[in-house]
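A.B. asks: The structure that follows is given in the form of structure tokens.
The values are calculated or read from the model by the stated rules, or taken from the named source; none is laboratory data. Keep in mind that this is a model prediction, so the values were computed, not measured. Cβ atoms come from the backbone with ideal geometry, glycine included; neighbour counts cover every protein chain shown.
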Amino acid sequence: MPVAPLSTDRPVAQRQLAGMALRLLTAALLSAMFAMIKLAGQRGVHVVESLFWRQVGSAVCATAWVAIGPGFASLRTRRVRAHVERMALGLVTMALNFLAFMMLPLAEATAIFFSAPIFSTLLAATMLSEPTGRWRWGAVIAGFLGVLVIVRPGGADLPLSGASVALVAALLTASVTIVIRRLSATEAAATTVFWFATSSLVPLGLLMLFFGQVHDATTMALFAGIALTGGLAQLALTGALRLAPVALVMPMDYTGLIWAALLGLLIFGEWPAPVTWIGALIVIASGLVILWREQRLHRRAAPVTDS
């Protein structure tokens, strides 16, 4: 078996490090955004308002990204209906994610959110007919056991309503990944992100007529923070995937649990129970196994069945 020569291309290594750094930044920004959403909710802010300002930030960043990068001509699409469906599903998913972080401690909501890759594997197997063998099925089963450890059915520590919302949000997040996979067959990433961010402002703007309120300066500052962190996280996430392989940057997402725990302690006086850390580690390990198996299969030249 021939051995590939060692690479002396230092810029490639630097790009990979930059991609990992951007993904770490994404995790920190998203944790900060969810903390501000939780704070805003405690100040009487409706979830529609947080969604609106989050999408304002994303729309501004997506527009800048397109203007600097591929140009507005790249936004032409023949799949208008698919983009509208993606927008509708994305908004419902984001709303449930926001509600989950409002209803649960930050660390627990984050840990449950990490179950999205488990649902993605199930949906990819059933909807996309992707090969799924014992490795990934085993990871899926272990991941669900980890979720049960976090949720602790019958326990009094975690609100059942909040945990249910978080699980549905994770399932819908997985559904969004399936929709995006289908869109990516014909649409560039910039096109998908731009149309989701900008088109979502239409229904959210209409909803703001009913749910928008007058707020004090502190709450408006929270809105600005939500818009800024949400928009920057979108850019950092996109940049990370452009600079480094998915298998290298995806594990960086799990540092979000550390940020969530720290922010929960500093801002809300929350600290995860030991059982939450145990369940989170199981879920994270399951997600990493799924990612490893998927990347291994993609590297094989000939199509094979997962074993």
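A.B. asks: Evaluate region 106-116: report whether one residue or more is farther than 28 Å from V214 by Cβ, in a helix (DSSP H, G or I) and either in contact with a His (Cβ under 6 Å, 6 or more places away or on another chain) or modelled with pLDDT under 90 (or both).
C.D. replies: The answer is yes, given that some residue of region 106-116 is farther than 28 Å from V214 by Cβ, in a helix (DSSP H, G or I) and either in contact with a His (Cβ under 6 Å, 6 or more places away or on another chain) or modelled with pLDDT under 90 (or both).
A.B. asks: Determine, yes or no, whether T219 is of a type in the set (S, T, Y), in a helix (DSSP H, G or I) and over 22 Å from A111 (Cα atoms).
C.D. replies: yes
A.B. asks: Can I ask one more? Take V193 and tell me if it is under 20 Å from W65 (Cα atoms) and at pLDDT below 95.
C.D. replies: Yes, satisfied.
A.B. asks: Out of A64, A139, A73, A88, report the one residue that is farther than 20 Å from G230 by Cα and surrounded by fewer than 20 Cβ atoms within 10 Å (Cβ to Cβ). Break it down into steps so the answer makes sense when it comes.
C.D. replies: Numbers: A64 fails: farther than 20 Å from G230 by Cα; A139 fails: surrounded by fewer than 20 Cβ atoms within 10 Å (Cβ to Cβ); A88 fails: farther than 20 Å from G230 by Cα.
Just a single option satisfies the conditions, and that option is A73.
A.B. asks: Which of (1) farther than 30 Å from R242 by Cβ; (2) in a helix (DSSP H, G or I); (3) at pLDDT below 85; (4) not hydroxyl-bearing (S, T, Y) is the odd one out, the single condition A139 does not satisfy?
C.D. replies: Checking A139 against (1) farther than 30 Å from R242 by Cβ; (2) in a helix (DSSP H, G or I); (3) at pLDDT below 85; (4) not hydroxyl-bearing (S, T, Y), the one that fails is (1).
A.B. asks: Out of the residues in region 32-59 meeting the condition of being over 15 Å from the mean Cα position of the chain (by Cα) and of a type in the set (S, T, N, Q), tell me which one is surrounded by the fewest Cβ atoms within 10 Å (Cβ to Cβ).
C.D. replies: That would be Q42.
A.B. asks: Those residues that are crowded, with 22+ Cβ neighbours inside 10 Å and either among the small types (G, A, S) or not in a helix (DSSP H, G or I) (or both), I need them from region 20-31; list them, please.
C.D. replies: A27, S31
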